[in-house]
Structure formats: structure tokens, C-alpha cells
Amino acid sequence: MKLKFLLSAGVLLASVAALASCGGTKDNHVAGSEGLVYTLSDDEDHYIFTSIGTCTDATVTVGNWYNNLPVTEFGEAPLGDGTTLKKLIVSEGITKLAFRACRSFSVENVVLPNGIAELPMGTFVRCDKLTEITLGTGLTKFNEGGALASTAIKKINFRGTEEEWKKIEITNEGDIAIIAAAQVVYNFKG
């Protein structure tokens with residue numbers, strides 16, 4: 001019986017260590033990639049992701065927790081013009097994107113969380129190499145100014161149903177043409 005407890009405790013410790021190593025916690029707090037810059041909001045109740053900083057990872061995860069506060073916003077053009085970024089993962093809990101949020105010359109794949117209601121104008125502007133995006137549930141609108149400008153998107157993964165996709169307001173003709181040429185996958189798990 002004692003051996004069984006020690007083995008269980010060992011498995012528990014290994015599980016906690018594995019969870020910590022990927023940046024998560026039991027509260028679903030994700031620290032994000034090392035070197036990213038987050039700025040405290042004016043009301044000091046959350047953080048905004050504002051710069052790629054010193055991060056040179058090919059896959060960058062924008063965390064949802066920093067300095068004991070949530071990160072809920074993605075600032076204007078924080079990715080810069082670096083060439084190492086290939087995949088961008090935005091953590092659950094970030095619900096607001098700013099103008100030109102995902103602008104990057106090198107990004108090929110962007111994964112956005114559930115809960116983002118609108119893709120602002122220029123969300124993916126200058127993303128010439130972007131071929132795949134994942135969009136979450138809760139999305140209601142692509143800004144009429146165009147969210148997908150200058151992209152090479154071939155695949156759009158949508159976590160919602162086809163019926164939910166059809167309810168999203170998309171009025172920009174450029175966005176409509178890009179979406180019509182892409183493969184849209186509904187009920188995506190990932």
C-alpha cells in the first residue's frame with residue numbers, strides 16, 4: 001500500500017512537471033514564449049501583448065497570464081518584421097485584437113483562441129506567407145476594412161459549426177474572395 005502511494009505521488013509529480021514545462025497551470029494560465037513584451041493596461045487590471053521583444057522562436061505562443069494578471073488584448077503590430085516567426089499561437093483568454101495585430105512578413109500559420117468577436121481591419125496585412133489560420137467560436141465579424149489583406153491563405157480552420165460560420169458578418173470583397181478560394185474546415189479541434 002505504501003509503494004502504491006509513492007508510485008501515485010511520483011506520477012502526480014511527473015504530471016505537474018510536464019504541465020509546468022509547457023507553460024500551463026491548473027488554472028489554465030499560459031506564460032507564453034520567453035522574451036515577449038506585455039504592457040500593463042491604463043486601468044491596471046490586465047496586460048496587453050505589445051512586442052515580440054527578444055523572442056526569436058519559430059513557434060511563438062502569446063501567453064494569457066503575466067505578472068499575476070490576465071493578458072486579454074493583442075496590441076497593434078507587435079510582431080515586427082522578424083523572419084524567424086513561422087507559427088503564432090494566441091492563448092485562450094485573449095479576446096481583443098488591435099489594428100494590424102498579426103502583421104508579419106514570415107508567419108505561415110496563426111491560431112487564434114475562442115472568444116475573439118471581431119477581426120479588425122488589417123489583422124493579417126503584409127502576411128504574404130500566411131497559408132493557414134485557425135479561428136475560434138464567438139467570432140461575429142470581419143471588419144469591413146478587410147482583415148485578410150495580402151495573404152496567401154489556403155486553409156481556414158473554424159472551431160464552430162458551418163451554421164455559425166455563415167452567421168459571421170463578412171462584407172469586404174477582398175476577404176470574401178480570399179475565403180472563397182480557401183478550404184474552410186468546420187468543427188475543427190485544435
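The values are calculated or read from the model by the stated rules, or taken from the named source; none is laboratory data. Treat the numbers as computed from the prediction; the structure is a model and nothing was measured. Backbone-built Cβ (ideal geometry, glycine too); neighbour counts: all protein chains shown.
Which numbered condition in (1) in a loop (DSSP other than H, G, I, E, B); (2) under 24 Å from GLY190 (Cβ atoms) is the only one that VAL110 fails?
Every condition holds for VAL110 apart from (1).
Within the bounds of region 131-142, is there any residue that is surrounded by 21 or more Cβ atoms within 10 Å (Cβ to Cβ), more than 26 Å from TRP65 (Cβ to Cβ) and touching a Leu at 6+ places or on another chain (Cβ under 8 Å)?
yes
So for region 85-96 (the condition being assigned by TED's automatic domain parsing to the domain that holds ILE116, assigned to a strand (DSSP E or B) and not aliphatic (A, V, I, L, M)), does at least one residue qualify?
yes
Could you tell me which residue of region 159-181 is nearest to the chain's Cα centre (by Cα), considering only residues that are in a loop (DSSP other than H, G, I, E, B) and at pLDDT 95 or above?
Ranking the qualifying residues of region 159-181, first place goes to ARG159.
Exactly one of these conditions fails for THR72: (1) assigned to a strand (DSSP E or B); (2) crowded, with 22+ Cβ neighbours inside 10 Å. Give me its number.
For THR72, the exception is condition (2).
Please verify whether region 71-88 includes one or more residues that are at pLDDT 95 or above, in contact with a His (Cβ under 6 Å, 6 or more places away or on another chain) and not aromatic (Phe, Trp, Tyr).
yes
Which is touching a residue at least 60 places away in the same chain (Cβ under 8 Å) and either within 30 Å of GLU44 (Cβ to Cβ) or surrounded by fewer than 19 Cβ atoms within 10 Å (Cβ to Cβ) (or both), of GLU92, GLU118, GLU162?
When all the criteria are applied, what remains is GLU92.
Is it the case that ASP45 is acidic (Asp, Glu), within 26 Å of ALA101 (Cβ to Cβ), modelled with pLDDT under 95 and assigned to a loop (DSSP other than H, G, I, E, B)?
no
Looking only at region 8-24, decide whether some residue is in contact with a Gly (Cβ under 9 Å, 6 or more places away or on another chain) and either modelled with pLDDT under 95 or in the same structural domain as SER104 (by TED's automatic domain parsing) (or both). Steps first, answer last, please.
At the first step, the residues of region 8-24 found to be in contact with a Gly (Cβ under 9 Å, 6 or more places away or on another chain) are 23.
Add one more test, that the residue is either modelled with pLDDT under 95 or in the same structural domain as SER104 (by TED's automatic domain parsing) (or both), and what stays is 23.
For region 8-24, residues in contact with a Gly (Cβ under 9 Å, 6 or more places away or on another chain) and either modelled with pLDDT under 95 or in the same structural domain as SER104 (by TED's automatic domain parsing) (or both): present.
Just to verify a result, which residue in region 132-144, among those that are in a loop (DSSP other than H, G, I, E, B) and modelled with pLDDT of 95 or more, is farthest from the chain's Cα centre (by Cα)?
Top of the filtered list is THR140.
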